[in-house]
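Asker: Sharing a structure, written as structure tokens. Questions coming.
The values are calculated or read from the model by the stated rules, or taken from the named source; none is laboratory data. Only a predicted model underlies this, so the values are computations on that prediction, with no experimental measurement involved. Neighbour counts are summed over all protein chains in view; Cβ atoms, including those assigned to glycine, are modelled from backbone coordinates with ideal geometry.
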Amino acid sequence: MKRQVNKMARFKGNSKVQIKHHMKQFCRLMGYIFQSYGIHCALVVILILISVLANVQGTMFTKNLIDNYITPLLLSKYPDFTPLAHAIGRVAGFYGAGVLASYLYNRIMVEVTQGTLRKMRNDLFSRMERLPIRYFDTHAHGDIMSIYTNDIDTLRQMISQSIPQFINSAITIVSVLISMLILNIPLTFVTLIMVGIMVAASKTSAGRSGKYFLEQQMNLGAVNGYIEEMMEGQKVIKVFCHEEETNQKFKELNDKLFISANRANTFANFLGPINAQLGNVSYVVCAITGGILALHHVGGFTLGGLASFLTFNKSFSMPINQISMQLNAVVMAMAGAERIFRLMDEEEEADEGYVTLVNVTKVNGKLQECRQHTGQWAWKHVHQADQSVDYIELKGDVVFDSVDFGYNDDKIVLHDIQLFAKSGQKIAFVGSTGAGKTTITNLINRFYDIQDGKIRYDGININKIKKADLRRSLGIVLQDTNLFTGTVKENIRYGNPDASEEEIIAAAKLANADGFIRRLPNGYDTMLHGGGANLSQGQRQLLSIARAAAADPPVLILDEATSSIDTRTERIVQDGMDKLMHGRTTFVIAHRLSTVRNSDCIMVLEQGKIIERGTHEQLMEEQGRYYQLYTGNVIG
Amino acid sequence: MLQTLLKEVKEYKKASIITPLFMILEVFMETMIPFLMASIIDNGVETGNIEHIYRVGAIMIAAAFIGLLAGLGGGRYGALASCGFAKNLRESMFFNIQKFSFSNIDKYSTAGLITRLTTDVTNIQNAYQMILRMFTRAPASMICAMIMAFSINARLSCIYLAAVIILGIILIVIMSHATKYFRQAFPKYDDMNASIQENVSAIRVVKAFVREDEEISKFKKTSDIIYRIFVKAECNLVYNMPIMQFTVYGCILLISWLGAKMIVSDTLQTGELMSLLAYCMNILMSLMMLSMVFVMISMSSASAKRIVEILNEESDLKNPKHPVYEVADGSIEFRHVYFAYNKEGMEPVLKDINLNIHSGETIGIIGQTGSSKTSLVNLISRLYDVSAGQILVGGVDVRDYDMEVLRNQVSVVLQKNVLFSGTILENLRWGNKDATLEECKEACRLACADEFINRFPQGYETHIEQGGNNVSGGQKQRLCIARALLKQPKILILDDSTSAVDTATDAKIRQAFLEKIPDTTKLIIAQRISSVQNADRIIVMDEGCIHGFGTHEELLKHDEIYKEVYDVQTRGGGDFDEKAGE
């Protein structure tokens, strides 16, 4: 809907700027195609040229057929058909070449089209994976998806159909024009005048259709939006007996859509007959004029010449028709291309970190880097000043030092956050929705960068740590479980690509997931689809815990699920979480009493500030906000 | 299937009939032209008869203009018929969906319904227009041209007939082959989109586990498969163009050769030869067009099937013949109620439920997920019909009430609730469209929604976005409760409707209910013991049966499930719900 409005606004703008803008996109697209398929494209142009010329020479042959063969044959007493047979053989040869060329260029275009689309998809996806989280926050997922589906689809049509057709039409127009000029100049002018009228007429029709087409798109957007909302709320409509009102409103929107769609389609439909019949008129005018010219042999014009010319007349208006038909498709494709390139141009997530995570062994109390997996990790800090190398043991200390953060600079959502988590400690965040709990956890793994202050991990400013290594050292269990299509095993291995079979089963056992996994039809090899739609909510959570367990990180970020699962399953999940938290520094967005009670420190957040902190007992004694929240449970 | 669809043409029948007639007229005029041209050449140019040239020329121009008018008419009525048809389809489907019962709705996914109403209708609209215009135009053009050709020279025209048959067969083979490949290709394509979707929505997990590279290489593999499959499928279509050209060229050469011989032996005239050559394009192009239309129509048949499915779906709940329009009080009685979502052979989700609830009582309902709490309450307002047994509200079987009356008196706050785009006030008035501002405010006070509404700068005029995305979960739930209260129902059912409201507010809402609407029967489904423990009586559900029914104290003593849940929640396994909804 929003996009439609934008489109409308853009269309209202200066149309010359518009065309220039489209041209720019077009050139870029062409460049993009040539990059990998330059030779293919050159070949295509040559092949199209051959195919068009074969066609043109065939038409020219009609003239020869009548003037050079039939007419003399008519006059001769003993007609000899051999020269005609030879001529037809020659033409057949040319035709054959044309057919072959036509096959080849179509075949090559398949490769070019699909290859370009593949490259485009890969480029889009690779770029998308490296975009900062912010991008996904600010762009509707549906819009991102529609780049891959709708926009690429319109491009496919354009590359595979419009572009070859353009080339074909252009070559045809030029060669036919030349041929016509050779045959007869005055008749060519007649044809050109008629074509001018045709172009003007179709332009008016296309323009009006375009205007209504936009209106139709707007109304379609409104209808679709309404349908989406009402289908989503269908049960509520029933419960409130609101069917009549809903129908009424729908009828209004639907009728509006009909009116604009009808207009848009009407004018679009006019295009065909206008072009076709004006083409016929042009044909007739040429036939009459040509007939008279041939009758009087003006400028040596013959009957055969007229026959050829008339065919040319037809093949001249056809490509013009085709171009005008394709123009709409091209404009739409360019809008799609713009969105595609915009995503490709997005700035990737920056990573200026240089501290890396390496395997180490301890030799005489000193850390030594080694290649193989030791289960012991350290931060390798190469000091930029003197290139000296420090190894700092990975422990899981996290410090927030007066951290300020806002999603944009003018609106700070976290103020002066101070916190200190020693290795193995459990820190709980409580507070209302929107108080900033999730935001804090998103800062630790640098999904967002802070405005002011410092976050230190094992004493190192996290801005100096390579993002990949920082994130590898952090485990995460989110409320949305986000499982991937693939087997259960693959999903657990997601946390650690190098995990062995035993490690995966151990992780599942730790998360209390082993039991239910074994009961699945194919155990660990059971396929999951649609984010694990074939599992229950509790089972999905257990898997996402197992996934984090497989990663075996020193620091954990947990977002406890709210109470949508029943008490028994919840206990199993809770138990799995507890086991996972054991011995790790844990930041938990807490929703359960037991979690909060066992925490080493509880942070009560409100409006981006930590308003209370301490253990459960301390906070209860304080009788502040925490006390209120806690006792709310007991009021009953 | 076709009948159901065509019934929706309704007032556009006239346009639907006129369109093909116009198309045929246009085609006829078009085919006249080469025929007349032959006359110009043979009787005009060759005999030097200028007058004949002018006369026939004038006829030709007239023919072109009639053709133009017919074409415009066809375009105009074709658009009208197809857009109107689409409008009617959308409307009928939408209206029918509004008649759906809950079990009808359950059958379809929301996304599925939306696709049917949008994409599928657009497909049918295009196909319909195609049928009205191209599907008559192409064969008509072919037949007209063929007749003309035959009337000029039957022997030579046999070449066309042969070409049409051969080309037709080849096209059918190619197209059916190609569609087979495309059919295989599309599911793969859907898979790829699903995996992109997955990555978009799970981007945080991807980044948190540093799996970007793996995801990219995984995607590249998928996109390679797509590439190969589509190249294979499209390679079939690549033959279309050259084969078409081959046939056209072949015809031209054959006609030229044989035509030349016939002219020499004086059985054909030059102008006639030229006309024949002109018809060659007409005939074979129409054939090509026809084959393309066929493919498009066959592709839209899936859409047609999906649309008809909705149009033919009948609500399985019907209003009784002589409905009761008055609900006496808020008493509820279940008599040996069994219920299964699927009528055939499914294990019932409710088994032999017997209940007696007095008007004005507050009843808590608790139980595990899947213990059929929601199913139980959904039967009361007849969102579903029982499979066996009877439910009485105010002493009358729910199936004897007028459905609208029943649902207005039994107000349900659904578990998966929705607000609609519009102001808060507009949303509240769903409950009662004539409610005054004061009544709305009162309902909000009861639901503890007034406190946050008053803090919004625009108060009750605050605009709610689609799905209520600009208010928090707790706020949404409270608005939904207020909306249900505005009905002033005799029975109010809250289906886990305060799960996102903090416990203190939850308690306040329940207190308000107790004081302000004492006569309303209140059924409260909850996960939290604290939400139900003060109810007059509590139902403990377990696997579709009533496990216990009594006061908090009674249940603590006698019901082991209730006791277990209570222990877990108060010992610290419960939830520390801080979603105060601010």
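Asker: Taking the conditions exactly as written (crowded, with 16+ Cβ neighbours inside 10 Å and not in a helix (DSSP H, G or I)), does B:VAL206 satisfy them or not?
Answerer: No, not satisfied.
Asker: Of the conditions (1) in contact with a helix residue (DSSP H, G or I) (Cβ under 8 Å, 6 or more places away or on another chain); (2) charged (D, E, K, R); (3) part of a helix (DSSP H, G or I), A:ARG342 satisfies every one except a single condition; which number is it?
Answerer: Of everything listed in (1) in contact with a helix residue (DSSP H, G or I) (Cβ under 8 Å, 6 or more places away or on another chain); (2) charged (D, E, K, R); (3) part of a helix (DSSP H, G or I), A:ARG342 misses just condition (1).
Asker: Hey, any hits in region B:256-274 for a residue that's closer than 18 Å to B:ILE166 by Cα, in contact (Cβ under 8 Å) with a residue 12 or more places away in the chain, facing chain A (nearest Cβ under 8 Å) and among the aliphatic types (A, V, I, L, M)?
Answerer: No, region B:256-274 contains no residue that is closer than 18 Å to B:ILE166 by Cα, in contact (Cβ under 8 Å) with a residue 12 or more places away in the chain, facing chain A (nearest Cβ under 8 Å) and among the aliphatic types (A, V, I, L, M).
Asker: Same structure, new question: Report whether or not B:ALA81 is within 36 Å of the chain's Cα centre (by Cα), more than 7 Å from chain A (Cβ to nearest Cβ), assigned to a helix (DSSP H, G or I) and among the aliphatic types (A, V, I, L, M).
Answerer: It is true that B:ALA81 is within 36 Å of the chain's Cα centre (by Cα), more than 7 Å from chain A (Cβ to nearest Cβ), assigned to a helix (DSSP H, G or I) and among the aliphatic types (A, V, I, L, M).
Asker: Further, regarding this structure: For A:ALA170, only one of the following conditions fails: (1) within 30 Å of A:ASN64 (Cβ to Cβ); (2) surrounded by 19 or more Cβ atoms within 10 Å (Cβ to Cβ). What is its number?
Answerer: So the condition that A:ALA170 fails would be (2).
Asker: Sticking with this structure for a sec: Please name all residue pairs, on different chains or six or more residues apart, with Cβ atoms under 8 Å, provided the first residue is in region A:340-358 and is at negative phi and the second residue is among the small types (Gly, Ala, Ser).
Answerer: Here the result reads A:ASP351/A:ALA468; A:LEU357/A:ALA378; A:LEU357/A:SER473; A:VAL358/A:ALA378, each pair linking region A:340-358 to a residue that is among the small types (Gly, Ala, Ser).
Asker: Same structure, new question: Would you point out which residue out of B:GLU361, B:GLU333, B:GLU426, B:GLU347 is surrounded by fewer than 19 Cβ atoms within 10 Å (Cβ to Cβ), within 14 Å of chain A (Cβ to nearest Cβ) and among the charged types (D, E, K, R)?
Answerer: That would be B:GLU426, the only listed residue that is surrounded by fewer than 19 Cβ atoms within 10 Å (Cβ to Cβ), within 14 Å of chain A (Cβ to nearest Cβ) and among the charged types (D, E, K, R).
Asker: Sticking with this one: Checking B:ASN319 against (1) under 24 Å from B:ALA38 (Cα atoms); (2) surrounded by fewer than 20 Cβ atoms within 10 Å (Cβ to Cβ), only one condition comes out false. Which one?
Answerer: (1)
Asker: Among the numbered criteria (1) modelled with pLDDT under 85; (2) of a type outside the set (Gly, Ala, Ser); (3) outside any helix (DSSP H, G or I), which single criterion is violated by A:MET145?
Answerer: (3)
Asker: Looking at (1) farther than 30 Å from B:TRP430 by Cα; (2) in contact with a Phe, Trp or Tyr (Cβ under 6 Å, 6 or more places away or on another chain); (3) facing chain B (nearest Cβ under 8 Å), find the lone condition where A:GLN277 falls short.
Answerer: Of (1) farther than 30 Å from B:TRP430 by Cα; (2) in contact with a Phe, Trp or Tyr (Cβ under 6 Å, 6 or more places away or on another chain); (3) facing chain B (nearest Cβ under 8 Å), only one is false for A:GLN277: (2).
Asker: Please count how many residues of region A:77-87 are touching a helix residue (DSSP H, G or I) at 6+ places or on another chain (Cβ under 9 Å) and without any contact (Cβ under 8 Å) to a residue 24 or more places away in the chain.
Answerer: Matching residues across region A:77-87 total 6.
Asker: Same structure again: Looking only at region B:353-395, which residues are in contact with a helix residue (DSSP H, G or I) (Cβ under 9 Å, 6 or more places away or on another chain) and in a strand (DSSP E or B)?
Answerer: Of everything in region B:353-395, those that are in contact with a helix residue (DSSP H, G or I) (Cβ under 9 Å, 6 or more places away or on another chain) and in a strand (DSSP E or B) turn out to be B:ILE353, B:LEU355, B:THR362, B:ILE363, B:GLY364, B:ILE365, B:ILE366, B:GLY367, B:GLN390, B:ILE391, B:LEU392, B:VAL393.
Asker: Please return the ranges of helices (runs of 4 or more DSSP H) entirely within region A:181-300 where 2 or more residues are small (Gly, Ala, Ser).
Answerer: Ranges flagged: A:185-232, A:243-295.
Asker: Provide a single number: the residues in region A:122-142 that are of a type outside the set (Val, Ile, Thr), assigned to a helix (DSSP H, G or I) and either in contact (Cβ under 8 Å) with a residue 60 or more places away in the chain or touching a strand residue (DSSP E or B) at 6+ places or on another chain (Cβ under 6 Å) (or both).
Answerer: Within region A:122-142, residues that are of a type outside the set (Val, Ile, Thr), assigned to a helix (DSSP H, G or I) and either in contact (Cβ under 8 Å) with a residue 60 or more places away in the chain or touching a strand residue (DSSP E or B) at 6+ places or on another chain (Cβ under 6 Å) (or both) number 7.
Asker: Which members of region A:53-80 meet the condition of being more than 8 Å from chain B (Cβ to nearest Cβ) and not in a helix (DSSP H, G or I)?
Answerer: A:SER76, A:LYS77, A:TYR78, A:ASP80 - these are the residues of region A:53-80 that are more than 8 Å from chain B (Cβ to nearest Cβ) and not in a helix (DSSP H, G or I).
Asker: Still on this structure, I have one more. Can you say whether A:ILE144 is farther than 17 Å from A:ILE50 by Cβ and either buried (at least 22 other Cβ atoms within 10 Å of the Cβ) or at the interface with another protein chain (Cβ under 10 Å from one of its Cβ atoms) (or both), as far as the supplied structure shows?
Answerer: Taking the combined requirement at face value, the residue satisfies it.
Asker: I would also like to ask the following. Which number in (1) within 30 Å of B:LYS207 (Cα to Cα); (2) touching a helix residue (DSSP H, G or I) at 6+ places or on another chain (Cβ under 7 Å); (3) surrounded by fewer than 16 Cβ atoms within 10 Å (Cβ to Cβ) marks the one condition that A:PHE34 misses?
Answerer: (1)
Asker: Residues to consider are A:SER102, A:SER15, A:SER51, A:SER76; find the one that is at pLDDT below 90 and more than 31 Å from the chain's Cα centre (by Cα).
Answerer: Selected residue: A:SER76, the only one of A:SER102, A:SER15, A:SER51, A:SER76 that is at pLDDT below 90 and more than 31 Å from the chain's Cα centre (by Cα).
Asker: Just give me the residues in region B:265-293 being over 47 Å from the mean Cα position of the chain (by Cα), crowded, with 20+ Cβ neighbours inside 10 Å and of a type in the set (Val, Ile, Thr), in sequence order.
Answerer: Of everything in region B:265-293, just one residue is over 47 Å from the mean Cα position of the chain (by Cα), crowded, with 20+ Cβ neighbours inside 10 Å and of a type in the set (Val, Ile, Thr), namely B:THR270.
Asker: So A:TYR105 ticks every box in (1) surrounded by 19 or more Cβ atoms within 10 Å (Cβ to Cβ); (2) free of Cβ contacts under 8 Å to residues at least 24 places away in the same chain but one. Which box is left unticked?
Answerer: The number of the failed condition is (2).
Asker: Going by what's in this entry, would B:PRO20 be described as over 30 Å from A:GLY290 (Cβ atoms) and either crowded, with 20+ Cβ neighbours inside 10 Å or in contact with an Asp or Glu (Cβ under 6 Å, 6 or more places away or on another chain) (or both)?
Answerer: So B:PRO20 fits the description; yes.
Asker: Pull up region A:485-539, narrow it to residues that are farther than 23 Å from B:ILE216 by Cβ and of a type in the set (Asp, Glu), then point me to the one that is surrounded by the fewest Cβ atoms within 10 Å (Cβ to Cβ).
Answerer: The extreme case among them is A:GLU502.
Asker: What pairs come up if the first residue lies in region B:292-308 and is among the basic types (Lys, Arg), the second is crowded, with 17+ Cβ neighbours inside 10 Å, and their beta carbons are under 7 Å apart, counting only those six or more places apart or on different chains?
Answerer: Qualifying pairs under 7 Å: B:ARG306/B:ARG116; B:ARG306/B:ASP120.
Asker: Take the residues of region B:410-423 that are more than 9 Å from every other protein chain (Cβ to nearest Cβ) and among the polar types (S, T, N, Q): which is nearest to B:THR110 (Cα to Cα)?
Answerer: Selected residue: B:GLN415.
Asker: Tell me yes or no: at least one residue of region A:274-284 is among the hydroxyl-bearing types (Ser, Thr, Tyr), free of Cβ contacts under 8 Å to residues at least 60 places away in the same chain and surrounded by fewer than 20 Cβ atoms within 10 Å (Cβ to Cβ).
Answerer: no
Asker: Here's something else I'd like to know. Which residue is farthest from B:TYR341 (Cα to Cα), if the candidates are limited to region B:100-131 and must be hydrophobic (A, V, I, L, M, F, W, C) and within 16 Å of the chain's Cα centre (by Cα)?
Answerer: Among them, the one singled out is B:ILE124.
Asker: Here is a further query. State whether one or more residues within region B:145-167 are at pLDDT 85 or above, more than 7 Å from chain A (Cβ to nearest Cβ), assigned to a loop (DSSP other than H, G, I, E, B) and surrounded by 19 or more Cβ atoms within 10 Å (Cβ to Cβ).
Answerer: yes
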